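Below you'll find the structure, written out as structure tokens, and then a few comments.
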Amino acid sequence: MRKPAKRGKRDAAELRELWRTAIRQTIMLNRMETENAMLQLRQNENELKRIKLDYEEIVPCDKQLIERWEQIIERNSTQIGNKKDPKVLGHAIRTGVPRSKRGDVWTFLAEQHSMNTAPVDTKRFPNFNTPYHTLLKHLTEHQHAIFIDLGRTFPNHQFYKDPLGLGQLSLFNLLKAYSILDPELGYCQGLGFICGVLLLHCDEANAFQLLKHLMFRRNMRTKYLPDMKKFQLQLYQLSRLVKDHLPDLYVWLDQNDVSPTLYAAPWILTVFSSQFPLGFVARVFDLIFLESSDVIFKFSIALLSVHKQQLLAKDNFEEIMDYLKTVVPKIEPNCMEKIMKLVFSMDIGKQLAEYNVEYNVLQEEITTTNHHLEMLNREKTQNQHLEQQLQFAQSSIAQLETTRSSQQSQITSLQSQVQSLELTIQTLGRYVGQLVEHNPDLELPNEVRRMLQQLDDLERQRRRPVFADRKIGKSISVNSHLGFPLKVLEELTERDEHGSPQKQKKEKTPFFEQLRQQQQHRMNGQSSNVPANEPVVSAVAPTPPSRPNRLLDNASARTVIQTKLDELKLPEHVDKFVANIKSPLEVDSGVGTPLSPPSTASNSSGGSIFSRMGYKTTPPALSPLATRQTYGSSAVAITTAPAPGPMEQVPPVVTIAAMPQEEEQAMHPLSMVGGDVNVRFKGTTQLKSIRPVHHMRAIPLGGVQHQSSTESSVGVAPVPVELAPPAATTGRS
Amino acid sequence: MSSRRSRSGPTLNFKAVLLGEGCVGKTSLVLRYMEDKFNPQHLSTLQASFVTKKVTLPDERRAQLNIWDTAGQERFHALGPIYYRGSDGALLVYDITDQDSFQKVKSWVRELKQMRGTEISLIIVGNKTDLEEQRAIGYEDARQYAQTVGAQYLEASAKENEGVAEIFELLTQLMLERLSQRERDAEPPNLLRLDASDAVSVSEGEEGNGEDTGTGQRSCCGI
């Protein structure tokens, strides 16, 4: 600036002039710079606006519309409170909104709408009227969440492309301010796209006002709330609307498992902006500002109906989803017109309200259903548990049943063993008796005598009228227990008499024959013993004591028998009998099934099987052999008896004894008892009838002691009348 | 015949879900696995997106992987556990440079254990190994944590395509193992019956075949 005119001195005037020039020029330069900056700014703004509005209007907007919109906005802004005719506005929106005017139009429409609606409750939202720049000074807890989404909101748009560029910063500011204003909502993914769209059409502060308007006055905030209930409701509403408007497509999508949840979330949460071109999104926004956020449903339905045929042509989930994600968002101009036409002709307000109620009812039902389901599941598990228990119980029952049946068969075999043994005893007894008869000097050992005595007892038992009324059928009575062995014995004697094939048949037959002959003789009134065919019999005949008790009393006879037995080598057999007889009894009493009681026969009224076995000493008067003889051949007793008294006593006994015999023939003891067991078992599968062993013991004990020795009763005693569990029996044995 | 049957048998269906904090790379992992692409500028996932991939198992069986890519933001999980409900496997993804995202994995583990017990196969995935220099969670720490909760641990970089396929292969393998384990568990009560019926049907079939060759056309049922 300085002029190095001359090297010489300059005067003051010259210097002053120079300074003036310099100052003037500096001022000029500053002005130019400011102006330049202004120009630059304006240029930037335009550039920014150009960048921001760099989206294609799908249906090009008529240039004349700019003026028209300017007129609408101008006229109304001068007359605030004057509501514009919605029909005019609707028509204007339908014709289109120029990009450059969109921000203004939205603001204008927002103002129009706000005139009719109540102001937002500032008590709930104390920051509602706080200026934007004041809000920005605060910090938000959602900073991180907002921040990570910045780069993922319109990442391909020039304005938002640069990391932390102007666009992303504006977006961040807007979202941050809103999260402070509405802490209940804070930040929700999807909201960034709404802000992004708004920011493209106006500056930050204005965009913030529009955002507030959309969120509070257009009810868009509820779907972003943390519980997302409104969003779920909207998905349901959309699903129902599809069903109403496009039933065939609804069925098709449903068949392919494509629900609005899968494709409509971005439609609802970002107002199509995350997938669809901005030209389309902007038109949706136009309508949101004109009408309400329900237009999102209308656009969704319109989109689906436009693409209905293509969607119906896709026949699997993947293709349908792919089509919805890639093809549907590509809005062709003709497509756009169709959509707009559909949207303007649609009225869904009523349905939306209806489905809102419906959804809430369903939700309630679902919660109660869930409750019921929970209950059901609980019951199910309980059932399973019980079923398992039942199965277990059943298998154990089956096991018990097999055990029982095997034991039963064992019992049966033992029973038959006992029978044959008894038979043997009898035969031997008779044989011994015979021997004694033949050899009066025969001396019987004590054991043999006892045995004979018991046999005698038994005979007596059999004759007792008590057994005549045995109708044991279903219930096992004490009588039946007694009756059984006796009956067996009776049968055996019968068999013997008929000469049934037995092991000892050879020995017996002559004996019985002889007896029978004797009997006949005596019945005929012959007082003298007619010698039988066999020499032995004739030899014995004259001896007076044919009754065993008398024989036993006779010491000489005893010794004779002893010697005879020794000679005959019989003692071995006798020993065997004693041993054999013992064992089945023990087993029997141990098994404790209904079968066993009969074998133990612990009746008070008569001698038990034990009495037969020689385990006790019975009074001589009750000697079994005597009775047996009177029964088997009454004549024997009569003849042998020294006094006629017994003779008279016998006949009635015989007749009485005969009756039960007949009865018993009709009903086989084994079959009867077996049947009884089965019936009982089936009737009470629960094994209820199991009773403690000790309890049972008392009953037989008393009875047995009556006539039998305590020794025997101890051996017999614990025989349960009803089915006893194997465990109990084994424990006892 | 049996081999043909197993090949032509119904394809197995597995549902897998990706969970984890926002921006840890769930969508990128899926994108890399599905299309072998990486897009640094993809959109935030809203709610959830769903993709399927058919794979051939080592035993030549076919399986369809139904992969749910979920939104990272917490509130989308308030929609209900619809994504992990019924899923056979879960990838719990975190960003190895972000301590918070690892904490989020831990809370996911807790929730899944509570809701699904042992019914779900878990793989914890440390993503973004390309940012090794910014690593905030050590490999060993993460691996040990995974071990304590009965999960597998893998690291990957969707960007560099490192270890991505391995994740999905391991997950498929785990889900397959769990499936056969479930089948085995389901068997014992029916084992005897099944075996018996199998044996019967097999022998019948053989007899039937024998009869067929011998007498021409006679159905097995006739025997």
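Could you check the spin-label model distance between A:Gln417 and B:Glu162? Points 7 Å from the Cα along Cα→Cβ, value in nm.
8.6 nm
So, R0 is 56 Å and r is the distance between the beta-carbons of A:Leu362 and A:Arg50; what FRET efficiency does that work out to, to 0.05?
The computed FRET efficiency comes out at 0.65.
I'm a student and want to see the number: the projected area of the Cα convex hull of segment A:117-347, averaged over all directions, in nm².
12.9 nm²
Just to verify a number: FRET efficiency for A:Asp121 and A:Gln309, C-beta to C-beta distance, R0 = 41 Å, to 0.05?
0.30
Starting from the Cα coordinates of segment A:13-53, work out the convex hull volume and express it per residue in Å³.
Enclosed volume per residue, from the Cα hull, is 24 Å³.
Calculate the length of the line joining the C-alpha centroid of segment A:364-424 to that of segment A:184-251, in whole Å.
63 Å
Most exposed first by the Cβ proxy, i.e. fewest other Cβ within 10 Å, how do B:Asp141, B:Asp88, A:Asp441 rank?
With the sparsest Cβ surroundings first, the list reads B:Asp141, A:Asp441, B:Asp88.
Using the per-residue mean of other Cβ atoms lying within 10 Å as a proxy for protection, in what order, highest first, do the peptides A:301-307, A:397-403, B:66-72 fall?
Descending packing order for the listed peptides: B:66-72, A:301-307, A:397-403.
Computed on alpha carbon atoms, what radius of gyration and Dmax characterise segment A:174-245, expressed in Å?
In order Rg, Dmax, the Cα atoms of segment A:174-245 give 13.7, 42 Å.
What span do the alpha-carbon atoms of segment A:253-407 cover on each of the three principal axes, reported in whole Å from largest to smallest?
95, 34, 23
How high is the relative contact order of segment A:117-347, in percent, with contacts defined as C-alpha pairs under 8 Å that are six or more residues apart?
So the answer I get is 15 percent.
What pairs from A:Lys243/A:Lys308; B:Lys15/B:Lys54; A:Lys84/A:Lys341; A:Lys308/A:Lys341 go past 20 Å between their alpha carbons?
A:Lys84/A:Lys341
Taking the Cβ-Cβ separation of A:Leu376 and B:Arg184 as r and a Förster radius of 25 Å, what is the calculated FRET efficiency to the nearest 0.05?
0.35
In debye, nearest 20, what is the charge dipole magnitude of segment A:13-53 about its Cα centre with +1 on Lys and Arg Cβ and -1 on Asp and Glu Cβ, if you could check?
It works out to roughly 200 debye.
Coordinate-derived values only; no laboratory data. As the structure is a prediction and not an experimental result, all values here were calculated from the model. Please note: Cβ atoms are built from the backbone with ideal geometry, for glycine as well, and neighbour counts cover all protein chains shown.
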